[in-house]
4 protein chains.
Amino acid sequence: MQKILSGKTEVKVRFNEADPLGIVWHGHYIRYFEDGREAFGTKHGIGYLDFYKHGFVVPVVNIECSYKRSLKYGETVTVETIFVPCEAAKLKFDYRLYKSGTAEVVATGSSVQVFLNRETSVLQLINPVFFEDWKRKHNLI
Amino acid sequence: MQKILSGKTEVKVRFNEADPLGIVWHGHYIRYFEDGREAFGTKHGIGYLDFYKHGFVVPVVNIECSYKRSLKYGETVTVETIFVPCEAAKLKFDYRLYKSGTAEVVATGSSVQVFLNRETSVLQLINPVFFEDWKRKHNLI
Amino acid sequence: MQKILSGKTEVKVRFNEADPLGIVWHGHYIRYFEDGREAFGTKHGIGYLDFYKHGFVVPVVNIECSYKRSLKYGETVTVETIFVPCEAAKLKFDYRLYKSGTAEVVATGSSVQVFLNRETSVLQLINPVFFEDWKRKHNLI
Amino acid sequence: MQKILSGKTEVKVRFNEADPLGIVWHGHYIRYFEDGREAFGTKHGIGYLDFYKHGFVVPVVNIECSYKRSLKYGETVTVETIFVPCEAAKLKFDYRLYKSGTAEVVATGSSVQVFLNRETSVLQLINPVFFEDWKRKHNLI
């Protein structure tokens, strides 16, 4: 059976991330997604530097965020990052942001990344071998 | 006949917006969208401070961006912001980013904003009168 | 005897904080100082929101940073924040940034803040009473 | 006679640069300094990419900023960047920020940069030849 692989991390809202309305400026959520992706990568051995070591860079080609509740300075947000299996040579994540310690959803979102050869910047049309191995190891295929 | 209302602005890529790959970090495009929205608002009299003056704040509730080409430090990007008419009490924009002086599309995206009463933060379910007037004046309804 | 009051916090370098040289852009260190100040404030009961609760905002009026070593994506920096006693109605901190787990100094710096009445924005020429009390309690005067 | 070489550029305050107090967060001024330095470099042929082309990168080793007045969203700031001649192998600038169209000083500051060989990262203890030539051409030595 396919497993669902996810990770969680906590991010404290910085004073300088809140805007004149006193709430976190919407663009900063993209950083929180990246914090979530990093924590996922560190936990499951599939971080940015793992791809790099295997000869790939993984630029984001699509990002989406829906904002449900505002976040204020002093609050902490829990970023849940969920790996979304897909057959194409892409790396997909869904994100769920909660006010820490509650079930209150602050935002949801998603990202898509592709694989480029790190030397030539050429787009990889098939999944890197080490990534296929990683998915197999985690029962994701 | 319905008009298409749009605006254009130029943004110079800052050194501090480029990441270790030498290209603009994807999260900064959300700033470029905001720069585009601002230029549109200034040009057509429907900026953030116009809404504020009429008693509203207009938080972003959805954002989406698709990345087509990378941007490097030293380059200039043209942000085209297109008003997307809609009947609901929402403010919708599409964005097209070009390498300045070319027809090369760097990214496309969209944003959705809602109207909150600036004092009570209550969501407005119908369009503000001044916004309806603005749309009529510009042959958008 | 006067005590030295300080605090330490760890900051993980974000991918999006590194510039095209692969090292953290110098402007981001100002955020690390703020992270240090926050951790100090939380630890010792003298954070931004404590001042706010007592009717003050505490804008930064001077900042200084000397850079000794570069920081790379993937590294963690330890921010040591040291309270600098002063008689004037000011809040002074020194900062020392280390590569975490080492004695290697990455940067040193300082900040000066003043007290403004949060309603009137009027500059306070004498130290707020609660701040004097706080200093006494911590043997800083 | 020694000339004073300077440049001016205008920066529009972005909504996302203002903090919960409605004023520009102090860390963003470091970006404005960089905008000023860039404009100076473009005007006088001594920009970041000019150094790069000659084999150098020029990291900032010290930065200082004194804040005199606050800046609000919607305002425009004029950044005046003044070259500070010095004999050591360093690049020094002073900055003066004004509310555009006025003589009101918003902030003053300074930066110091050094020259590193771009391949080896070795610190240059004497001024690059092209930089000496540039100074001579502009009557700065």
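Values in this text are rule-based calculations from the coordinates and carry no lab data. Every value quoted in this text rests on a predicted model; they were computed, and no experiment measured them. In this analysis, Cβ positions are derived from the backbone assuming ideal geometry, glycine residues included, and neighbour counts consider all displayed protein chains.
Brief remarks follow.
- Ascending list, in nanometres, of distances separating the A:Lys99 label from those of the other copies (7 Å, Cα toward Cβ): 3.7, 4.2, 4.7
- Sequence ranges B:8-15, A:89-96, ranked by mean other-Cβ count within 10 angstrom, highest first: A:89-96, B:8-15
- For chain C, adding -39500 (n - 2.57) for each run of n ≥ 4 DSSP H residues and dividing by the number of residues yields -6500 deg cm²/dmol at 222 nm.
- D:Pro20 sits among other residues whose Cβ lies under 9 Å from its own Cβ, and their net charge, with Lys and Arg +1 and Asp and Glu -1, is -1.
- Exam field: B:Glu132 pseudo-label spacings to other copies (7 Å along Cα-Cβ), nanometres: 5.9, 6.0, 7.5
- The mean number of Cβ atoms from other chains found within 10 Å of a Cβ in peptide D:75-82 is 0, as a whole number.
- With the convex hull of the Cα atoms taken as the outline of chain C, the averaged projected area works out to 9.1 nm².
- Pairs from the list A:Lys8/A:Lys72; A:Lys8/B:Lys53; C:Lys43/D:Lys90 with a Cα-Cα gap above 31 Å: A:Lys8/B:Lys53; C:Lys43/D:Lys90.
- For the protein assembly as shown: rounded, prolate or oblate by the Cα gyration tensor [a/c cutoff 1.5]: rounded
- Across segment B:6-137, the mean sequence separation of Cα contacts (distance under 8 Å, 6 or more residues apart), normalised by length, yields a relative contact order of 27 percent.
- Computed magnitude of the charge dipole of chain D (debye, nearest 20; Cβ of K, R +1, Cβ of D, E -1): 260 debye
- Nearest 10 degrees, 0 to 90: helix C:29-44 Cα axis against chain C principal axis: 50 degrees
- Value of relative contact order over segment C:8-79, rounded to a whole percent, pairs C-alpha under 8 Å and six or more apart: 57 percent
- Within segment C:60-125, the GluC sites (Glu not before Pro) that combine a DSSP coil assignment with at most 14 other C-beta atoms in a 10 angstrom radius are C:Glu87, C:Glu104, C:Glu119.
- Proximal charge balance of B:Leu49 [Cβ under 11 Å; K/R count +1, D/E count -1]: 0
- Each Cα pair under 8 Å and six or more residues apart adds its separation to the average, and for segment C:68-141 the resulting relative contact order is 26 percent.
- Counting only other chain Cβ atoms within 10 Å of each residue's Cβ, the peptide D:116-124 averages 1.
- For the residues of A:60-71, the average number of beta carbons from a partner chain within 10 Å of their own beta carbon is 5.
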